[in-house]
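Working notes for the structure below.
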Amino acid sequence: MLSWEERRQLVKVASFYYIKGFTQEQIAKKIGVSRPVISKQLQKAKDYGIVEVFIKDETVHTVELEAKVEEYYGLKDVVVVPVSDQYSKMRKKVIGQVAANYIIKKFKNVKRIGIGWGSTLAELVREYPYERREDVKIIPLVGGMGSQQVDIHANQLAYELAKKMNGSCSYLYAPAILDSGELRNRLVNMTDVKSVLEEEGK
């Protein structure tokens, strides 16, 4: 149980920090204690319910979901893109824009980028701006999926993204689905296929 004096001190420190916008260092100098003491008092103010922090923005829900997905799957970074029902038809385009921006900001020093296949990744490539990154190589992560919709196959997307980046790409000339393990073993040992698979593993 806090005494009146202790409670008054916590309220005072919390007011300086949350209302007046002082730094912990400034508060410490003003009160005459060390900065770690101020840090502990701010935490204590939360623990005793003197301070409650609310984030007044709808984005907080997506940030919380990102954290849950990161923790559940052991991922370093997750971006959740909220799209309202009225824009559902634009969903893939919006995801493509966000993904393109993410790559531009986060992959500045990356030399190899792997890409799969599908209509959502195709939107990423469409939304990606032209830039000069001659040191980047795009590598397909999966083989072909038949003769239908070749514009969303990994080889095609690797080529298109490499063109947007002014980089280079590899091609994986192999089907994504095989009928037998024997055929799989023969394919992965072919020189062209083997070289791409080795690049994927780097």
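Every number in this text was worked out from the coordinates using simple rules, so none of it is lab data. Remember, predicted model here, so these are calculated numbers, not experimental data. Counting neighbours? That spans all protein chains shown, and the Cβs are built from the backbone with ideal geometry, glycine included.
Distant-in-sequence amide contacts of R112, defined by a placed amide H-H separation under 5 Å and a gap of 5 or more residues or a different chain, comprise K137. Calculated FRET efficiency, Y130 to V69, Cβ-Cβ distance, R0 = 22 Å: about 0.10 to the nearest 0.05. When only Cα pairs below 8 angstrom with a gap of at least 6 residues are kept, the stretch 84-201 shows a relative contact order of 23 percent.
Run through the stretch 92-174 and list the GluC sites (Glu not before Pro) located in a DSSP loop whose Cβ has at most 15 other Cβ atoms within 10 Å. The partial results should precede the final answer.
Numbers: sites: E123, E127, E131, E134, E160; in loops: E131, E134.
Sites meeting the loop and neighbour criteria: E131, E134.
The charge dipole of the stretch 4-47, taken about its Cα centre with unit charges on the Cβ of Lys, Arg, Asp and Glu (plus for the first two, minus for the last two), comes to roughly 80 debye.
On full extension of the chain, what length is gained from F107 through M145, given 0.36 nm per residue of separation minus the C-alpha to C-alpha distance? Could you put the intermediate results ahead of the total?
Numbers: separation 38, 0.36 × 38 = 13.68 nm, distance 2.79 nm.
Between F107 and M145, full extension yields an extra 10.9 nm.
Once divided by 2.2 N^0.38 Å, the Cα radius of gyration of the chain becomes 1.58.
Label separation (E5 vs R184): 7.3 nm, computed from points 7 Å beyond Cα along the C-beta direction.
Computed about its Cα centre, the charge dipole of the chain is approximately 940 debye, with only Lys, Arg, Asp and Glu carrying charge at their Cβ.
What Kirkwood hydrodynamic radius, in Å, does the stretch 4-47 give when the mean of 1/r is taken over all pairs of distinct Cα atoms and then inverted? Don't skip to the answer; put the middle values down first.
Working: mean 1/r = 0.0993 Å⁻¹.
Kirkwood radius, the stretch 4-47: 10.1 Å.
The Cα center of the stretch 160-191 and the Cα center of the stretch 20-41 differ in position by 59 Å. Loop-located chymotrypsin sites (Phe, Trp or Tyr not before Pro) across the stretch 1-99 with a Cβ neighbour count of 11 or fewer within 10 Å are F54, with loop assigned by DSSP. The calculated FRET efficiency for the pair S15 and I55, based on their C-beta separation and a Förster distance of 25 Å, comes to about 0.80.
In loop segments of the stretch 112-192 as defined by DSSP, the trypsin sites (Lys or Arg not before Pro) with at most 12 further C-beta atoms inside 10 Å of their C-beta are R132.
Can you give the charge dipole size of the stretch 84-201 about its Cα centre, rounded to the nearest 20 debye, using +1 on the beta carbon of Lys and Arg and -1 on the beta carbon of Asp and Glu? Write down the numbers at each step before the final one.
Working: 18 positive and 14 negative charges, 103 e Å.
Here the stretch 84-201 has a charge dipole of around 500 debye.
Cross-link check: pairs K40/K76; K92/K163; K76/K137 evaluated at a Cα-Cα cut-off of 26 Å; pairs beyond the cut-off: K40/K76.
So what's the back-of-envelope 222 nm ellipticity for the chain, counting only DSSP H runs of four-plus at -39500 (n - 2.57) apiece and dividing by all residues, rounded to 500? Display every interim value, and only then the final one.
Values: 9 runs with 103 residues, N = 202.
Per the formula, -15500 deg cm²/dmol.
A crude spin-label estimate for the pair K29 and E199, with each label 7 Å from Cα along the Cβ direction, gives 5.6 nm. Taking amide hydrogens as placed 1.01 Å from N in the peptide plane, the amide H of G144 sits under 5 Å from those of A174, A176, each at least 5 positions away in sequence or on another chain. Candidates V80, C169, N185 compared by Cα position along the dipole of the chain: farthest toward the positive end lies V80, with charges placed on Cβ.
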